[in-house]
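Working notes, structure below.
Readers should treat all values here as calculations from the given coordinates under stated rules, not as data from a laboratory. A quick note: this is a predicted structure, and the numbers were derived from the prediction, not measured. Glycine also receives a Cβ, built like all others from the backbone with ideal geometry; neighbour counts cover every protein chain displayed.
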Amino acid sequence: MLTDEKDAPSTETATAGEESETGSVPSERRAPRRRRPRPALLVAGVLVVLLVAGAVGAGFWWNAGRESVERREAAVSAAQDMAVALVSVSSETADADVRRIMDGAVGDFGKIFAENLDSYVDIVRKGGVQARGEVASAGLERIDDSTARVLVAMRASVVNQQAPQGEDRTYRMAVEMTEQPDGRWLADQVEFVP
């Protein structure tokens with residue numbers, strides 16, 4: 001049986017750049033369809049963004065906490081230095097001892113101490129005072145934007161005319177500290193507490 005060529009199925013395929021007999025463009029030539037993002041990729045992208053944001057936020061939080069700890073430590077350290085300066089005086093170095101106290105004082109305490117400076121030096125010299133103190137313990141009672149209250153317990157060895165053999169003493173102080181614009185903490189008020 002002979003068949004007409006027209007009726008026979010075509011074995012030819014359309015090559016690139018040609019149209020098939022039906023007039024359609026082969027699949028290779030069709031315009032690419034826009035792919036929708038896969039849900040898994042979208043979720044992964046969101047997770048990456050959240051992780052980066054969380055890491056940045058944690059970094060800021062950690063840094064703020066670190067600065068807060070540093071401020072607290074600086075306030076306590078400055079209060080301890082002031083307490084040691086107040087308790088550690090000598091008739092031989094009275095002028096330098098007083099300067100050290102004045103360097104750490106501000107506000108009411110600095111004003112009152114400056115007003116009584118000469119009588120303080122005179123008492124230390126005439127009494128033959130030799131006192132050395134050390135911090136037994138210290139703790140921060142409170143701190144805010146620019147002030148802190150530090151409690152300091154001191155042990156001191158004191159030699160003077162009333163105690164020529166020397167005697168051990170203990171002191172407890174509440175030291176009000178004020179933070180200066182340069183970051184230093186200075187004593188604004190010192191109170192000896194029972």
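Spin-label model, Val43/Asp118: points 7 Å from Cα along the beta carbon direction are separated by 8.4 nm. Share of pairwise Cα-Cα distances greater than 16 Å in the range 91-147 is 58 percent (whole percent). Between Gln180 and Val193, residue separation times 0.36 nm minus the direct Cα-Cα distance comes to 2.1 nm.
Phi angles across the range 149-156 convert, under the Karplus curve 6.51 cos²θ - 1.76 cosθ + 1.60 with θ = phi - 60°, into 3J(HN,Hα) values of 10, 10, 9, 10, 9, 10, 10, 9 Hz, Gly and Pro given as x.
Say R0 is 30 Å: what FRET efficiency, to the nearest 0.05, do Ala96 and Thr170 get from their beta-carbon distance? Present the calculation step by step, with values, prior to reporting the outcome.
Values: r = 25 Å, r/R0 = 0.84.
In this case the efficiency is close to 0.75.
The slack in the chain from Ser157 to Val52, taken as 0.36 nm per residue of separation less the alpha-carbon distance, amounts to 32.1 nm. Paramagnetic label reach from Glu70 (point 7 Å along Cα→Cβ; backbone nitrogen cut-off under 18 Å): within the range 158-184, residues 179-184. The distance separating the Cα centre of the range 73-106 from that of the range 140-194 comes to 9 Å.
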